[in-house]
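Here, each number is a calculation from the coordinates, and none is a lab measurement. None of these values were measured; they are calculated from a predicted model. When we count neighbours, we look across all protein chains shown, and the Cβ atoms used for this are built from the backbone with ideal geometry, even at glycine.
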Amino acid sequence: MTLRPRLRFGVFLAPYHSYRESPTACLDRDRELVEWLDHLGFEEAWIGEHHSGGTEIIASPELFIADLAARTRHIRLGTGVVSLPYHHPFMVAERMNQLDHMTRGRVMLGVGPGLLPSDAMMLGIDPREQRRMMGESLEVILRLLRGEEVTLDTDWFRLRDAKLHLTPYSRPHLEVAVAASVSPAGPRLAGRHGLAMLSPAATTQGGFNALAYHWGIVEETARAHGQHVPRDRWRLAGWVHVAESQVQARRDVLTGLPDFLHYFQQVVALPGIPEQGTPEECLDVLVGNGVAVVGTPDDLVAQLQRLEEQSGGFGAFLAIQHDWAGRDATRRSYELIARHVMPRFQDATAFGERSMQWVSAHRAAFLAAATQGVMEAIQHDAAGQADRTRPTA
């Protein structure tokens, strides 16, 4: 029996919280959620880095991951992503290499140029330079992780005989992934260095249309540089909330969707999020355009099949975590995914279904044999009883 490649499931935790809520309580809820995902069997959690806007409130994914590592047992923990232009590359390599030891190899380094222009502006960084800076930083980080000694001068950082002083726990080093939304810059870096790739905008129109094109760039660039990137190191992310019915799912998400829409309509911009309309109208657009799944587990199954067909295959699906629904409904959504969606894409029930079909096909014969065995046992016992009660001379 041939099993399909096992699709991993995880979460992309920016996070997106209402500016009206206590950030302390929100961070507690984020930690609790990742613990719940670990319990359910989700395999990855990617934690974001942002510094402005009042909604995506985690400034240091490394700190958050260090705390999660002590609270969880199995789930792998990634930075989603470290904005490389905001940091000296030596310090990024040092911190992540330490986390590699502290997590016993469960940490992953996701990198990007930085998403919010307001973050870059506060640091005096020209947004037009961020992708160039990311490439320079990534080159150094990889050299350091490989054990090289680096001396280098750039217009924004300097290194003198720099080298890591901890041997990596993972070999040859922790997994590194490059973020890629619509621009080809990320796929080219992934292919050039043989790195994994994160596609956080996979379900937006632009991101969805670029999936096959992006992977083509990865493969073409990888060949040109003597690298190979397997598809199972490609992660696609999308917006999801499921419930027992579509009506219930819609009712769930309308509680928190207004504050989410305010963030993207009035504060920052994100492709695929409607720029105007009531929450109900915006929800119709998000679902109708395939940007979000708000429905049943079967609706998510259909979305994943759509992504597989468009991309040609990938290794992990990451549900973008949001606060559209309340705590209990959110936890229930992930439980339904674990119970009814994950098995479909992991062939988790394949042997059980095969066994059930075999038993069902032979049910009559098995029942007849069992019945015959019972009857013979009864007859044998009756004969023995007669022998035991027969008078002896």
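Odds and ends about this structure:
- Taking other C-beta atoms within 10 Å as the exposure proxy, His380, His193 rank His380, His193 from fewest upward.
- Ordering of 184-190, 2-8 by packing [mean C-beta count within 10 Å, highest first]: 184-190, 2-8
- Descending by average beta-carbon neighbour count within 10 Å, the peptides 362-368, 267-273 line up as 267-273, 362-368, the highest first.
- Once log10 I(q)/I(0) by the Debye sum over Cα atoms at q = 0.06, 0.10, 0.14 Å⁻¹ is calculated for the structure shown, the corresponding label among (1) -0.24, -0.69, -1.33; (2) -0.22, -0.61, -1.23; (3) -0.30, -0.68, -1.27 turns out to be (3).
- Scoring 113-120, 10-17, 23-30, 297-304 by mean Cβ neighbours within 10 Å over their residues and listing the highest first yields 10-17, 113-120, 297-304, 23-30.
- Distant-in-sequence amide H partners of Met108 (H built 1.01 Å from N, under 5 Å): Leu77, Gly78, Thr79
- Whole-Hz couplings from phi, Karplus 6.51/-1.76/1.60, listed for the range 39-55; x for Gly and Pro: 5, 6, x, 5, 9, 9, 9, 10, 10, x, 10, 8, 9, 7, x, x, 10
- This ranking places Trp324, Trp215, Trp36 by how few other beta-carbon atoms lie within 10 Å of each, fewest first, which gives Trp36, Trp215, Trp324.
- Each residue of the range 139-150 is assigned a 3J(HN,Hα), and the resulting list reads 4, 5, 4, 5, 4, 5, 5, 7, x, 7, 9, 10 Hz, derived from the Karplus form 6.51 cos²θ - 1.76 cosθ + 1.60 (θ = phi - 60°), x at Gly and Pro.
- Helix-only [θ]222 nm of the chain, DSSP H runs n ≥ 4, -39500 (n - 2.57) each, per residue, nearest 500: -14500 deg cm²/dmol
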